[in-house]
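Below is one structure; the comments refer to it alone.
The values are calculated or read from the model by the stated rules, or taken from the named source; none is laboratory data. Owing to the predicted nature of the structure, the values given are computational and were not obtained by experimental measurement. Cβ: placed from backbone, ideal geometry, glycine included. Neighbour counts: every protein chain shown.
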Amino acid sequence: MPAPPTRSLVLTFEDARRVVEDHASRLAPGAQETADLLHAAGRILAEPIAADRDIPPFPRSTRDGYAVRSADLSKLPAKLAVMGEIKAGPLQAPSALNQGEAFSIMTGAPVPPGADSVVMVEYTSQHGDSVEIAKGIAPGENIVHQGAEAKHGSLLIGRGTRLDEAAIALAASVGKSRLQVSVRPRIAVLTTGDEIVELDAAPGPTQIRNSNSYSLAAQIQEAGGDPVLLPIAPDEPRRLRQLIEQGLQSDLLLMTGGVSMGRYDLVEQVLAEMQAEFFFTGAKIQPGRPVVFGRVDSCGAGTHARAGASAPAPYKYFFGLPGNPVSTMVTFELFARPMLEALAGMSPRQLSFLHARLKSGIRVKTGLKRFLPAILSGAYEESQVELVPWQGSGDIAARSRANCYIVIPPDREQILAAEWVAVMLR
Ligand code: AMP
Ligand code: MG
C-alpha cells in the first residue's frame, strides 16, 4: 500500500486552531426554526432580541423602606410624614412626594416622583403617621432608574448567542415565549478500522468495540449538533470512499482512525483521490498529533443543501480525528467544536483556559502542546489540579476518571508543584 500522497502540513496548535476559526467564521448562516422558550436552553438564537420597553419600566425600589428626598435627611435623626404605602405592582402610578414627606415602599415597587432615594427599613422607626430616620442617604441610593438596565428598542441578546439561563430569563422578560433558533447541523461520524466492531457484535480476541462514534455523538449533541452515525469503514479504500461520500452529505464529516502513519491509515489517501484540500494534516499537540482538517468541493462530492438554507454550501468540511479514544475526544474539543458551533449558527468565541495550582510536579518532553487528563479538586478558592496516571491516549478509563485537561505549553519541560497551570474543563 503506498504512503498517503498528501503533503505533510503539521502546524502549531495555535496556527491550526486559527485556521479552523478562520474557516468557521466564513460559513454561511444555516436554516432557522421556531422553538418554545421552555425548550430553547442550549439552542443558538437566530434572531436579535430587543427590549420591548425600558427596563426597568419605572424607577424601581431595590429595598423595603421609605422613599424620601435625600436633602430632607441632612439633619439626623430626621422626622418625615408618611403619606402612604407603595407595594410592588400598584394599580395607579404613585403620587408625587413633597419636602418633609416619605412613602413606605416595598422592594420592586415604583418610586414616586419627587423621591430620589430609598432608606432601608432597618434605619427607620415608624410611629403612627411619621417615620424617624437615623441615617443619611445619597441621591439615587436603592433605586434603579427607568431604562437603566436597557432602553426601549436596545439589543438585549444578539443573533448567534447560545441560550443559557440568563438569556432565557431576558427573553422571558420581554415576552418572547417563542423564538427563532438555528437548526441543529447534522454531523456525520465515520469510524474506520478493520479491528473495530459494533456494540452488538461479540468482539473477537483482538477486536475492539467502537467507542469513538459514541463519545463523538455525545460531544456533538452537547455542542448543539445532531450526530449521524455511519457504518464502520474497513481499512479498504473503495468501501472507505463510499462511506466518506455518504458522510459528506451531512453538514460536517468527522472521521476517526486511519490518519496516522501506519500502512493501513488510508483516510488521507482516499480524500486526496477525491481532490480534497487539506489545511493541516497534523498539529503539534499530544494527544491528537495526526489530526487532519480539510474540505472537498461539494459539487464533486454530491451536492446537498442544508435543509432550508439559502444556498448549498460550496464546500463540505471534514476532520480526520486520530483513532485513539482520548485523542478523538481532545481533538474534537480543540478543532471540531468551533466548526460545529459555527454551523450551528453560533458566534465565534475564543478558547480560554482557567488556571489552578499544580498538586504535584510534571515532567514532559518539549515540542508539543499537551492536553493531559487531570483532576481538578479542592474546595472553594483552594482548587488544585493533578495529572491522572494513564497508559496513553488509548486509556478511556483514565480519561473517565479525569474532569479536565492540564494544558502544558510546548516549551515547558518541568512544572513544579504549586505552580499555576492552565486547565481546560471537560
Ligand atoms: P488508528 O488511528 O486507526 O491508528 O487507531 C489508533 C488506535 O485507536 C488503535 O488502537 C485503534 O484500535 C483505536 N481505535 C480506532 N478507532 C476506534 C474506535 N472507533 N473506538 C475505539 N478505539 C478505536
Ligand atoms: Mg485504524
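Just checking, does the range 196-209 include any residue being of a type in the set (A, V, I, L, M), surrounded by 14 or more Cβ atoms within 10 Å (Cβ to Cβ) and away from ligand 1 (no atom under 13 Å from the Cβ)?
The answer is no; no qualifying residue exists.
Could you list, in sequence order, the residues of the range 266-292 that are out of contact with any helix residue (DSSP H, G or I) (no Cβ under 6 Å at 6 or more places or on another chain) and aromatic (Phe, Trp, Tyr)?
Selection gives Phe278 alone.
Go through the range 215-295 and tell me which strands (runs of 3 or more DSSP E), entirely inside it, have 3 or more residues that are under 12 Å from Gly320 (Cα atoms).
252-256, 277-280
So for the range 290-300 (the condition being closer than 22 Å to Arg399 by Cβ, surrounded by fewer than 21 Cβ atoms within 10 Å (Cβ to Cβ), in the same structural domain as Arg18 (by TED's automatic domain parsing) and at pLDDT below 95), does at least one residue qualify?
no
(1) within 16 Å of ligand 2 (Cβ to nearest atom); (2) surrounded by 18 or more Cβ atoms within 10 Å (Cβ to Cβ): which one isn't true of Ile157, the others all being true?
Only one criterion is unmet by Ile157, namely (1).
Residues Ser104, Ser125: which one is in contact with a strand residue (DSSP E or B) (Cβ under 6 Å, 6 or more places away or on another chain), in a strand (DSSP E or B) and surrounded by fewer than 17 Cβ atoms within 10 Å (Cβ to Cβ)?
Answer to the selection: Ser125.
Output the residues belonging to the range 252-273 that are within 28 Å of Ala223 (Cβ to Cβ) and within 13 Å of ligand 1 (Cβ to nearest atom).
Within the range 252-273, Leu254, Met255, Thr256, Gly257, Gly258, Val259, Ser260, Asp265, Leu266, Val267, Glu268 meet the criteria.
Rundown of residues vs (1) buried (at least 17 other Cβ atoms within 10 Å of the Cβ); (2) in contact with a helix residue (DSSP H, G or I) (Cβ under 8 Å, 6 or more places away or on another chain); (3) closer than 22 Å to Phe293 by Cβ, yes/no style:
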| position | (1), (2), (3) |
| --- | --- |
| Arg7 | no, no, yes |
| Leu11 | yes, yes, yes |
| Ala16 | yes, yes, yes |
| Pro29 | no, no, yes |
| Thr34 | no, no, no |
| Ala46 | yes, no, no |
| Ala50 | no, no, no |
| Arg53 | no, no, no |
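Per-residue answers, yes or no, for (1) in contact with a strand residue (DSSP E or B) (Cβ under 9 Å, 6 or more places away or on another chain); (2) assigned to a strand (DSSP E or B); (3) in contact (Cβ under 8 Å) with a residue 40 or more places away in the chain:
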position	(1), (2), (3)
Val119	yes, yes, yes
Lys135	yes, no, yes
Gly140	yes, no, no
His152	yes, no, yes
Gly160	yes, no, yes
Ala172	no, no, yes
Arg184	yes, no, yes
Thr191	yes, yes, yes
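Only one residue in Ile196, Ile232, Ile220, Ile208 is within 15 Å of ligand 2 (Cβ to nearest atom) and touching a residue at least 60 places away in the same chain (Cβ under 8 Å), so which one is that?
Ile196
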